[in-house]
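Asks: Structure in structure tokens, see below.
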Amino acid sequence: MAALVVDNSARCLELRRQLGATAWFVLEELVVHAVPDSDGRLRTQVSTRELSSRLALNKDTVTRALAKLRVCGTIATVPRGGSAGASVFTISVPVGLVRAERVAAVEVAERRGKTRVPKEQTQSIAQLSLLT
């Protein structure tokens, strides 16, 4: 499973503050479930209802968060010729936010029922995850 890692870059932290918790949470969900297309851009296809169900948020709340992400230029909707249903989004991952496979030590700790990760593995980067 993929995870998001945030470094301490000022641009990424400022974007997180600007977006707010809900829009950042929606961005996490989009990035974690996205796949690279032939041009190397991340794409995901999901409906607002499906996204709201996954995140246990109101559909209108998710719609507002998606609008905020569009305004910030973090996501763009791919035109689909007027068909209803799931939207296809391209995602511009902000500088300082890295999509990576989960750190093995975290997975091992989770399997053992422990939540503590050795300090030396968490000093240089902070894993951003509202839900695991």
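Asks: Given (1) open to solvent by 60 Å² or more (accessible area, probe 1.4 Å); (2) of a type in the set (A, V, I, L, M, F, W, C); (3) at pLDDT 95 or above, identify the lone condition not met by Val62.
Replies: Against the list (1) open to solvent by 60 Å² or more (accessible area, probe 1.4 Å); (2) of a type in the set (A, V, I, L, M, F, W, C); (3) at pLDDT 95 or above, Val62 comes up short only on (1).
Asks: Which number in (1) touching a helix residue (DSSP H, G or I) at 6+ places or on another chain (Cβ under 7 Å); (2) of a type in the set (S, T, N, Q); (3) under 15 Å from Ser87 (Cα atoms) marks the one condition that Gln45 misses?
Replies: Of everything listed in (1) touching a helix residue (DSSP H, G or I) at 6+ places or on another chain (Cβ under 7 Å); (2) of a type in the set (S, T, N, Q); (3) under 15 Å from Ser87 (Cα atoms), Gln45 misses just condition (1).
Asks: So which of Val88, Val46, Val32 is in contact with a His (Cβ under 9 Å, 6 or more places away or on another chain), in contact (Cβ under 8 Å) with a residue 40 or more places away in the chain and surrounded by 12 or more Cβ atoms within 10 Å (Cβ to Cβ)?
Replies: Val46
The values are calculated or read from the model by the stated rules, or taken from the named source; none is laboratory data. On a predicted model such as this, the values are computed, not experimentally measured, just so you know. Neighbour counts run over all protein chains shown; Cβ positions are idealised from the backbone, glycine included. For accessibility, only protein heavy atoms count, side chains too; no ligands or nucleic acids. Shrake-Rupley method; radii C 1.70, N 1.55, O 1.52, S 1.80 Å.
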